[in-house]
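To keep things clear, I will list the structure first and then write my remarks on it.
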């Protein structure tokens, strides 16, 4: 039902400029009027007049479950709507994604959806897309490039705030009095620009309690870069958490671990099971609603994840992209025109592409705990739960 709903495109309010590139130009001029060193393939030069709409999608990696989900959702629904789709899954390296984007542009795609490995590292290759008059939409992660026109994602600071609120409320920090609690922090990969949003959102909630001494970070590692989990790695999180436990929590109680996402939370959970001798339940946050993490929440090994409904994000991406392909103007009216049955905020002053603020569509995530997991994720049809307690994404 969700998949079927996503194939319905919507009309926007007014028609924008859809001027075609002049054929036969192999070396386009840049904005200063000087010749560019960008050489376009014949397919790239002719994509506007070849009579076929091709959607190009560049996802950062296949080894992280959520990018497989996003890629599958988008590919399936664009194809069901009659579009040809060229999709590339990278190896989570900048060079690999640059090669993917170059190939997509060279193959003559008409619009390019990019979930960036590193948002500040793609400007050169995206200039190629701009030269070919291929609009670029940043998906899930903001990209520092003036070639980017629009941004579709969840509100990253809200994700972090929900994680911080879970810790605040479960520990009842507002009524702690003279009691203190021990906290450790696992931020995301700084290559992902959303990761600083997650950190800032969480710290806006938790920093006052750290400053007041109610929350104590015994490792002393509380800054964004101090707590980074490179490539969102489960193994790196496991090793760092094990080292922290062995150095600071042999005799002290560990109360909470702020984890920016579920892959890091898995590593933290494993390290606690293997190294922590305390008998208390340690609060562990996460993000994404990965299936194995949902099982851990039901078993109270992890206590929270922030769920970002991928079908909703993919639907917004589909509608924005369809509007691009139809040559329509995209603005706040798209929200009412599409009649999305979930919360989306439109912003023109929130996210910058490195040069100017870009039009953004920001979805609202859901904080998931054991108390609402079944009602929010299973009863709603997003996940199925097997008799052994395991979860899988509903098809």
(request) Show me 295-302, 272-279, 211-218 ranked by packing, highest mean number of other Cβ atoms within 10 Å first. (result) 295-302, 211-218, 272-279
(request) Please say if region 156-287 is rounded, prolate or oblate, where rounded means a/c under 1.5 for a ≥ b ≥ c the square roots of the C-alpha gyration tensor eigenvalues, and otherwise the choice is prolate for a/b larger than b/c and oblate otherwise? (result) oblate
(request) Identify which of 210, 137, 368 has the largest mean-square fluctuation in a Gaussian network model of the chain, with springs joining Cα atoms closer than 10 Å. (result) 210
(request) Kindly state, to the nearest 0.05, the FRET efficiency for residue 372 paired with residue 37, given R0 = 45 Å and r defined as their beta-carbon distance. (result) 0.25
(message) Quick check on packing: order 118-131, 40-53 by the mean number of other C-beta atoms within 10 Å, highest mean leading.
(response) 118-131, 40-53
(message) Counting only helical runs of four or more DSSP H residues, what would the 222 nm mean residue ellipticity of the chain come to if each run contributes -39,500 (n - 2.57) and the total is spread over all its residues?
(response) -11000 deg cm²/dmol
(request) Using a Förster distance of 41 angstrom, determine the FRET efficiency expected from the C-beta separation of residue 52 and residue 243, and round it to 0.05. (result) 0.15
(request) Would you mind getting the Kirkwood hydrodynamic radius of region 48-111 from its Cα pairs, rounded to one decimal in Å? (result) 12.2
(request) Tell me which label goes with the value of Cα Rg over 2.2 N^0.38 Å computed from the coordinates here: [x] 1.00; [y] 0.94; [z] 1.05. (result) [z]
(request) Give the angle, between 0 and 90 degrees and rounded to the nearest 10, that separates the Cα long axis of helix 234-248 from the longest principal axis of the Cα atoms of the chain. (result) 30
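Readers should treat all values here as calculations from the given coordinates under stated rules, not as data from a laboratory. Everything quoted here is computed from the prediction, not taken from an experiment. Backbone-built Cβ (ideal geometry, glycine too); neighbour counts: all protein chains shown.
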